Amino acid sequence: MKKKQMIENVIHGLFFMLGLITVGGVLLITVYLVISGIPAIHKIGLIPFLFGTEWAPTKANPQYGILPFILTGIYGTAGAVLLGVPVGFFTAVYLSKVANPKIKELIQSFISLLAGIPSVVYGLVGMLILVAGIQRLFYVSDGASLLAAMLVLAIMILPSVIKMSVTAMDAVPKEYEDASLALGATRIETYFRVSVPAAKSGIAAAIVLGIGRAIGEAMAVMMVAGNAANMPNSLFQSVRFLTGAVAGEMSYAGGLQREALFSVALVLFLFIMLLNATLNFFLKRGTK
């Protein structure tokens, strides 16, 4: 008995240490970004930095306004969520409640494969097929645009939304559905009025994870969005995301430009933290 208790204490201590390492890693990243990002904001000015509409660090009079990047990130993520989440949600309902086991296993295998594809492959396929398709379909000069980025991101978030939503709905006790059917509800009514509400916390977590994937993606959107620091005034305009600005310029930047890129990373980090905190607040409030 003492040996068993000792093993449990060791395991609990190990898990506690792993948790501390995770928290410590987040705190370390936060402190590093704050220390590296604040100096540039202080030099440029908070208002010009956040609300400036021009990013031109190589001009004689350098400009470091990141409002185009912020708006592009918001529009691109919102578009990806509006396009990808409904498809992922209804696919998850089908897989969890309607599809027979063989079809479910087959589709889930493809979804797992979709999740394992590197982002650069998404970007390459999008650049060769999607960008060219948008150019021909809408008769625009260049298909590398905000619309192309939205479509690629919508596809990239599907695995996260589908897999977590299926897991959440599979965990709903069968007794809930049996009781609903016994009261005269149809299967479709039962799925959407009983199973989905019972699994709403897991489905919401899947959507949050998908949003995080969309906001944090860099390589794929750089390849299909045009990577031009323009205000996102049109779906067919070449744009640059916050992640694209950091990934595209960090390798050669120096001086104030390099410091400004750390500030961009800090804004992106705070934006993701604020979004997660807001969504978690509403999820807990809805649960109560």
Please verify whether Ala265 is of a type in the set (A, V, I, L, M, F, W, C), touching a Pro at 6+ places or on another chain (Cβ under 8 Å) and not assigned by the TED database to the domain that holds Tyr32, treating the condition exactly as stated.
no
Filtering the stretch 179-192 down to residues that are surrounded by 14 or more Cβ atoms within 10 Å (Cβ to Cβ) and among the hydroxyl-bearing types (Ser, Thr, Tyr), which residue is farthest from Leu83 (Cα to Cα)?
Ser180
Any idea which of Ser201, Ser251, Ser195 is open to solvent by 50 Å² or more (accessible area, probe 1.4 Å) and in contact (Cβ under 8 Å) with a residue 40 or more places away in the chain?
Ser201
Helices (runs of 4 or more DSSP H) (entirely within the stretch 52-138) containing at least 1 residues that are open to solvent by less than 20 Å² (accessible area, probe 1.4 Å) and of a type in the set (Lys, Arg)
none
Going by the conditions given, is Met156 closer than 15 Å to Met223 by Cα and part of a helix (DSSP H, G or I)?
yes
Among the listed residues Ala185, Ala132, Ala148, Ala154, identify the single one that is more than 30 Å from Ala228 (Cα to Cα), in the same structural domain as Arg213 (by the TED database) and not charged (D, E, K, R).
Ala185
Considering only helices (runs of 4 or more DSSP H) wholly within the stretch 169-259, the ones with at least 2 residues that are basic (Lys, Arg) are 200-216
Quick one: Asp142 ticks every box in (1) part of a helix (DSSP H, G or I); (2) open to solvent by less than 80 Å² (accessible area, probe 1.4 Å); (3) closer than 16 Å to Ala225 by Cα except a single one, so which number is it?
(1)
Which one of these does Tyr176 not meet: (1) touching a residue at least 24 places away in the same chain (Cβ under 8 Å); (2) over 19 Å from Tyr122 (Cα atoms); (3) surrounded by fewer than 22 Cβ atoms within 10 Å (Cβ to Cβ)?
(1)
Looking at the stretch 1-41 only, could you name the residues that are of a type in the set (Val, Ile, Thr), under 28 Å from the mean Cα position of the chain (by Cα) and open to solvent by 50 Å² or more (accessible area, probe 1.4 Å)?
Ile21, Thr22, Val23, Val26, Ile29, Val31, Val34, Ile35, Ile38
In the stretch 39-52, which residues are touching a residue at least 12 places away in the same chain (Cβ under 8 Å) and more than 12 Å from Leu270 (Cβ to Cβ)?
Pro39, Ala40, Lys43, Ile44, Pro48, Phe49, Phe51, Gly52
For the stretch 18-33, indicate whether the set of residues that are in contact (Cβ under 8 Å) with a residue 24 or more places away in the chain, within 21 Å of Gly248 (Cα to Cα) and of a type outside the set (Phe, Trp, Tyr) is non-empty.
yes
Within the stretch 222-230, identify whether any single residue is open to solvent by less than 20 Å² (accessible area, probe 1.4 Å) and more than 29 Å from Ile38 (Cα to Cα), and answer yes or no.
yes
Assess whether Gly24 counts as being within 20 Å of Gln257 (Cα to Cα) and modelled with pLDDT of 90 or more.
no
So for the stretch 258-272 (the condition being over 16 Å from Ile29 (Cβ atoms) and open to solvent by 30 Å² or more (accessible area, probe 1.4 Å)), does at least one residue qualify?
yes
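The values are calculated or read from the model by the stated rules, or taken from the named source; none is laboratory data. What you are looking at is a predicted structure, and each value in this text was computed from that prediction instead of being measured. Backbone-built Cβ (ideal geometry, glycine too); neighbour counts: all protein chains shown. Protein only, heavy atoms only, side chains kept; ligands, DNA and RNA dropped before computing areas. Shrake-Rupley method; radii C 1.70, N 1.55, O 1.52, S 1.80 Å.
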